[in-house]
1. Does A:VAL76 meet the test of being crowded, with 18+ Cβ neighbours inside 10 Å, more than 7 Å from chain B (Cβ to nearest Cβ) and aliphatic (A, V, I, L, M)?
2. Go through A:THR37, A:THR24 for me and flag whichever is at pLDDT 90 or above, in a loop (DSSP other than H, G, I, E, B) and at the interface with another protein chain (Cβ under 9 Å from one of its Cβ atoms).
3. Can you go through B:SER87, B:SER82, B:SER109 and tell me which one is away from every other protein chain (no Cβ under 13 Å), of a type in the set (S, T, N, Q) and under 20 Å from B:VAL54 (Cβ atoms)?
4. So, A:ASP271, is that one among the acidic types (Asp, Glu) and either within 23 Å of the chain's Cα centre (by Cα) or assigned to a strand (DSSP E or B) (or both) or not?
5. Which one is farthest from A:ILE74 (Cα to Cα) among residues in segment A:153-182 that are part of a strand (DSSP E or B) and of a type in the set (Gly, Ala, Ser)?
6. Just a yes or no: is a residue in segment A:210-227 farther than 30 Å from A:SER80 by Cβ and either in contact (Cβ under 8 Å) with a residue 24 or more places away in the chain or of a type in the set (D, E, K, R) (or both)?
7. So A:SER65 clears everything in (1) free of Cβ contacts under 8 Å to residues at least 40 places away in the same chain; (2) within 14 Å of chain B (Cβ to nearest Cβ) except one condition, right? Which one?
8. Can you find even one residue in segment A:42-57 that is within 14 Å of another protein chain (Cβ to nearest Cβ) and in contact with a Gly (Cβ under 7 Å, 6 or more places away or on another chain)?
Amino acid sequence: MKTIKQAALLFAGVLASTATLAATPVGTPIQNTATATYYSPSDAATQLSVSDSTSFIVQEKIDVSVTNNDSTSIDVQAGSTQVIEYTITNTGNGNETFDLTVTNQAGDVFDVTNVKIYLDDGVDGFQGTETEVDLINLDPDEFETIFVVVNIPVGQNIGDDSVINSNVTSATTGAASGSVGDILSGQGDGGTDAVLAANAGGSIDAVTFDVTATAGLVVVTKTVLSTVHPTLGAVKVPGSVVTYQILVEVTDAVNGLNIVDNLPANLTYVDGSLLIANSDLAGVELTTSNAVANTDSAADSDAGRYDPNAGTNGRVTFVMGDQAAAGDFTIQFQATID
Amino acid sequence: MRTLLFTLALLPSLVFAEVSLTTEAFKIVPVPQADGTVMEEWQAPEKVVPGDKVGYRITYSNNGKDAAESIVINNPVPDATSYIANSATGAGSVITYSVNGGQSFAKASELTVTEQGKTRAAKAEEYSHIRWQLTNPVEAGASGKVEFKVRVN
């Protein structure tokens, strides 16, 4: 058994040396043996001498790289939702869990709101249906894409700026407060020591949002409040119910306002799930106690309606009509994953 | 019976030249000096992680009673490490390298690698073996050392 294990480790070592980017896995023994040949004139023979082999064990290096796939300076419109895509790569040589945090920097003009981090689901780009995460576990050389999603408040003016800092920090005890070269005794994989490399104690990417346009008359922000399966809990599988929320922020008087939302493919609208509140309740589940239920019918006096034949997969519409002044609305409906 | 025992007792002295080798590994740590320069210190190989430099020292000694000639020391570059260019040293020796698993050896400037039909100079991290050919015999009781450095992949 031991021999097989050692052979496997040696094989891994050979692979690592051919692919120069791969870090040698934690726990790998590195052995060295020298040999010498020499001629002994007095007994007229060539002799061979072999040294004892020296060996040491590779310890865990904690390292991470964070790449901002978008930009570190983004021009934004007040009231918009901004998505920044990051690739996070475990550049160490052991399995590692990293904490993900985003903080608003102090001293800038405004703070972004509704900050969330999502794990890419493999579908190209950010859809809003991805899973929210606050930590990520990566094997050596494994990488994942995450989305940092923030809202720019409706009331910001041109010239306002906000800076956020995205931090990826090893969750190993002592790593967050450590500095480069620190040794975390016994904290490596398999009881090895962990050594903090350049980016282990938190890799920070700062992004500046510059407001270059004020909010439109109406700002609409759609989010997924929850995805719940009746028996399996908060998972996205066929049968799970997705609760969508649309925050409507009217910034000035506007006439003939319609809010229209076409359902994406592979979803079936949940009959009778329309709710509307006359305030900003984004992030709070709407019920008949904090909001008003609307029927699916277009024939009645309420604003909400659902038309299964509109769009490619049905359409939710709220006919808001004339708005005399600024105000917020929160709309909610549900759909089932087919 | 008595004669046989006597012969056996004499056997060790029949070895005229006997070269033994020891190899030691060190973690190479850059230590800033008071004058602002950085010196490399060779320390015990603890807490070695990928990217670290490791130094190897091979000590040879002739424990026999006669000189040993034509000493050639061979050392494969350890698995999971890459040889650091120009790091092999050894007083009174010709140092050559192999890029084909020890089948042939040449000086660093003469080593080539063929890739997709084209031949180019070999990179240090492609070396598979290091060889020291000592130019002079090593007298009985004499010893010496050769060294090289690698980086852990």
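The values are calculated or read from the model by the stated rules, or taken from the named source; none is laboratory data. Because the structure is predicted, anything quoted here is derived from the model rather than measured. Ideal geometry is used to build each Cβ from the backbone, glycine not excepted, and the neighbour counts take in all protein chains shown.
1. The answer is yes for A:VAL76.
2. Testing whether each residue is at pLDDT 90 or above, in a loop (DSSP other than H, G, I, E, B) and at the interface with another protein chain (Cβ under 9 Å from one of its Cβ atoms) leaves just A:THR24.
3. That would be B:SER87, the only listed residue that is away from every other protein chain (no Cβ under 13 Å), of a type in the set (S, T, N, Q) and under 20 Å from B:VAL54 (Cβ atoms).
4. No, not satisfied.
5. A:SER170
6. Within segment A:210-227, none of the residues are farther than 30 Å from A:SER80 by Cβ and either in contact (Cβ under 8 Å) with a residue 24 or more places away in the chain or of a type in the set (D, E, K, R) (or both).
7. Going through (1) free of Cβ contacts under 8 Å to residues at least 40 places away in the same chain; (2) within 14 Å of chain B (Cβ to nearest Cβ) one by one, A:SER65 breaks only (1).
8. Among the residues of segment A:42-57, at least one is within 14 Å of another protein chain (Cβ to nearest Cβ) and in contact with a Gly (Cβ under 7 Å, 6 or more places away or on another chain), which makes the answer yes.
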